[in-house]
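Asker: Okay, handing you the structure first.
The values are calculated or read from the model by the stated rules, or taken from the named source; none is laboratory data. Quick caveat: nothing in here was measured; it's all calculated off a predicted structure. Cβ placement follows ideal geometry from the backbone for every residue including glycine, while neighbour counts extend to all protein chains displayed. Areas reflect the complete protein model, heavy atoms only, side chains present, ligands, DNA and RNA absent. Shrake-Rupley method; radii C 1.70, N 1.55, O 1.52, S 1.80 Å.
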Amino acid sequence: MSATPWRRAAFWVGIAVWALPFAPLFLWPFAGSWLFPAPLPTVWGDRAWSYLLSPGARVGPALLNSLSLASAVSIVAVLLGLPAGRTLALARLRAGGLAYWIFLLPAIVPAQAAAFGLHATFLRLGLADQWLGVALAHLVPVLPYVVITLAGVFANYDVSYEQQAQTLGAGGWMRFRWVTLPLILPGLAVAGLYAFLISWSQVLLTLLIGGGAVTTLPMLLLAFVNSGDHALAAALALVLLGPAFLVLGLATRLARAPGALGPGGRIA
Amino acid sequence: MTRVSLLGVSRRFGRTPAVAGLSLEVESGELAALLGPSGCGKTTTLRLIAGLLKPEQGDIHFDGRSMAATPAERRGAVMVFQHPLLFPHLNVHDNVAFGLRAQRVPEVEIRRAVSDMLERVRLAGFERRRPRELSGGQAQRVALARALVTRPRLLLLDEPLSSLDPHLRDEMRALIRELHADLGLTTLLVTHDQQDAALLADRIAVLFHGRLAQHGRLRDLFDRPATVEVARFFGGVNFMSGTLDDGALASQLGRLRLAEPPPGSGPATATIRPEAVRWLGAGAAREHRCNQVLGVVERVVDLGSFRRLTARAGAVSIEAHLRPDEAAPVAGQVGVFELPAEHLWVLPRGTDDNCPTRAA
């Protein structure tokens, strides 16, 4: 009993230690001037925002690129990952363990290592400096997480539900739409979330394959951080957070679908 | 109503044959049971009929038409599995409606058919419940309703009772019988439980090692088993080998007269149900008559509804089940057993040539 106030104190200290470093992120964007010893900005202002919103900052096209890349990469990765994850988990492959590690490999080896070879190949194919080339390159670090997540979902999946539906007269599409999809939806949402966030935060790959022709938000952020303009960098970081949290919220909602199989194979 | 014919169907898993050259007829409207120990290929047979597996050899006919090119979803053979497999994201109504929606039946008709079927399985008013809000017995009844509401050509039950508590099993058996009588669907029940088969099925097909060992009524399987394995499966323990000769079996126990001697002669094995063996009383002095055997009692165990007596006559062990009110000997006594001619049965196929029998 006497431990409770201590525990409560420890909890708030923990929260403070975790949250305080983020505080400047929310203060800087609204700072006109903030010199070192001052605990709060000395002058408040909207300089950062008015610059970000100006056409010269090119935040709009970058946001569009980032959103379209992350969305397209998520969808393609999930579409490719579904059959791959299912086969890895359900078909008793003779070299199943090996296949699993091969799928995992791009997550272990930094994608940048592969980027140079990829760039050379894409140059020959005319994919370098293109949105499509960047999207394809993003699939390299994204796919392992999607495939492994979905393999985890299918590891706890009971094919009997589909067979039951089939003997009840359901064809392939009806089985997928009304049986398989609802059962794996939470796991699918988590896999999609991973895909979106990994693509969303790519900088080097985008830079190397896109050659600067395809600008995304993290690239702008990198530029602002390098320039030492804290207000601009913090403001853009907030912009970067928005869609990420939106997707996280959406995935969490889907993951709570009643009666479906989560990534841990738990029936919710 | 559909007549099902299996014509020399074979299916292996890897190198292991699960079903080997199985031929079987299930009459239209019949409730037939596939009975056998686990691993005998009965569930594989059901999946082959449903179309969830393809036979490697042989063919399956519904009403004389080959089903080889018909996928499972168009066979109208609905399976009810051991576990209810209710779709967890759908409520009871939508679960039962699933098959009708697959057939694109209008929603108005679906609602009527579903509530009618739920009433038949005594679950009226459960439409809005989620599967996780149902007990095991209720869930299995919903699964049955979901299968029956589609009016399938064929109902395939894969051990639907084995996951239920004993009192629920009785209820479910009664329900299956009742629905079968009402709807007259050709029904195939897979079970490893003799009681399920006896209480539900008109005829029983006994499977061993993916082959049909015997197909018939329970009485025949008990009294006239085709092989040692079938006899053993139904609790047969007494086997006497010898030579057939002039309507009698010259065996290790002497000459045993047969009420129904099979034609021909040569080596043969006879069996007798333990409840048909009679204990005539102690004493070696009794005159040696036809079909009477002198034996040493080894053990007498009271099992409540009967007493089990094991005895040894030379190299042969004899088991007899005595009614509790019959006089029973004690271990060590020597006495006379009678193996009545009308209960001795010569196994027509002796031991199965394709499978080793366990040691006696």
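Asker: Based on DSSP loop calls and a cut-off of at most 16 other Cβ atoms within 10 Å, the longest stretch of chain A free of exposed trypsin sites (Lys or Arg not before Pro) is what?
Answerer: A:95-255
Asker: So, one more: What translational diffusion coefficient, in µm²/s and rounded to a whole number, does the Stokes-Einstein relation yield for the protein assembly as shown at 4 °C and a viscosity of 1.567 mPa s, taking the hydrodynamic radius as the Kirkwood radius over Cα pairs?
Answerer: 42 µm²/s
Asker: Specify the residue with the greatest mean-square fluctuation among A:Tyr194, A:Tyr161, A:Tyr145, computed from a Gaussian network of chain A linking alpha-carbon atoms under 10 Å apart.
Answerer: Comparing A:Tyr194, A:Tyr161, A:Tyr145 in a Gaussian network model of chain A, the most mobile one is A:Tyr161.
Asker: Could you tell me the ratio Rg/Rh of the range A:67-144? Both radii from Cα atoms, Rh via Kirkwood.
Answerer: Rounded to two decimals, Rg/Rh equals 1.03.
Asker: Let me ask another. Pick from B:Thr227, B:Thr186, B:Thr310 the residue whose mean-square fluctuation is largest in a GNM of chain B, springs joining Cα atoms under 10 Å.
Answerer: Between B:Thr227, B:Thr186, B:Thr310, it is B:Thr310 that shows the largest mean-square fluctuation.
Asker: Next up: Please calculate the 1.4 Å probe accessible area of A:His230, with all protein chains present, and give it to the nearest 10 Å².
Answerer: Its heavy atoms expose roughly 110 Å² to the probe.
Asker: In whole Hz, with x marking every Gly and Pro, tabulate ³J(HN,Hα) for the range B:144-157 from phi via Karplus 6.51 cos²θ - 1.76 cosθ + 1.60, θ = phi - 60°.
Answerer: Per residue, the Karplus-derived 3J(HN,Hα) values read 5, 4, 4, 6, 6, 5, 7, 6, x, 5, 8, 9, 10, 10 Hz.
Asker: Could you check the simple spin-label distance between B:Ser162 and B:Arg74, using points 7 Å along Cα→Cβ, in nm with one decimal?
Answerer: Taking the two extended label points, one gets 3.3 nm.
Asker: Can you work out the FRET efficiency for the pair B:Thr16 and B:Asp325, with r the C-beta to C-beta distance and R0 = 51 Å, to the nearest 0.05?
Answerer: Plugging the Cβ-Cβ distance into 1/(1 + (r/R0)^6) gives 0.55.
Asker: Give me a single rounded figure for B:125-133: the average over its residues of other chain Cβ atoms within 10 Å of their Cβ.
Answerer: Shielding by partners across B:125-133 averages 1.
Asker: Connecting C-alpha atoms closer than 10 Å in a GNM of chain B, tell me which of B:Arg257, B:Arg273, B:Arg224 has the biggest fluctuation.
Answerer: B:Arg257
Asker: Work out from phi, with θ = phi - 60° and the Karplus expression 6.51 cos²θ - 1.76 cosθ + 1.60, the ³J(HN,Hα) of each residue of the range A:175-180, listed in order in whole Hz, and give x for Gly and Pro.
Answerer: 5, 5, 5, 9, 10, 4
Asker: Can you pull the mean other chain C-beta count within 10 Å for peptide A:156-165?
Answerer: Taking all residues of A:156-165 together, the mean is 5.
Asker: Output wanted: per-residue J couplings in Hz (rounded whole) for the range A:68-76, from phi through Karplus 6.51 cos²θ - 1.76 cosθ + 1.60, θ = phi - 60°, x for Gly and Pro.
Answerer: 5, 4, 4, 5, 4, 4, 4, 5, 5
Asker: With each label point set 7 Å from Cα along the Cα-Cβ vector, what nm distance links A:Val225 and A:Asp129?
Answerer: Roughly 2.7 nm, to one decimal.
Asker: R0 = 45 Å: FRET efficiency of A:Ile102 with B:Arg128, Cβ-based, nearest 0.05?
Answerer: 0.40
Asker: Would you mind checking the radius of gyration and Dmax of chain A based on alpha-carbon positions, in Å?
Answerer: 22.8, 74
Asker: Among all stretches of chain B without exposed GluC sites (Glu not before Pro) (DSSP loop, at most 16 other Cβ atoms within 10 Å), which one is longest?
Answerer: B:57-286
Asker: On the principal axes of its Cα set, how long, how wide and how thick is chain B? Give whole Å, largest value first.
Answerer: In descending order, the Cα extents are 83, 44, 34 Å.
Asker: Report, by chain and number, residues whose modeled amide H sits under 5 Å from the one on B:Leu31, excluding near sequence neighbours (fewer than 5 apart, same chain).
Answerer: Under 5 Å from the amide H of B:Leu31 lie the amide H atoms of B:Thr187, B:Asp202, B:Arg203, each far enough along the sequence or on another chain.
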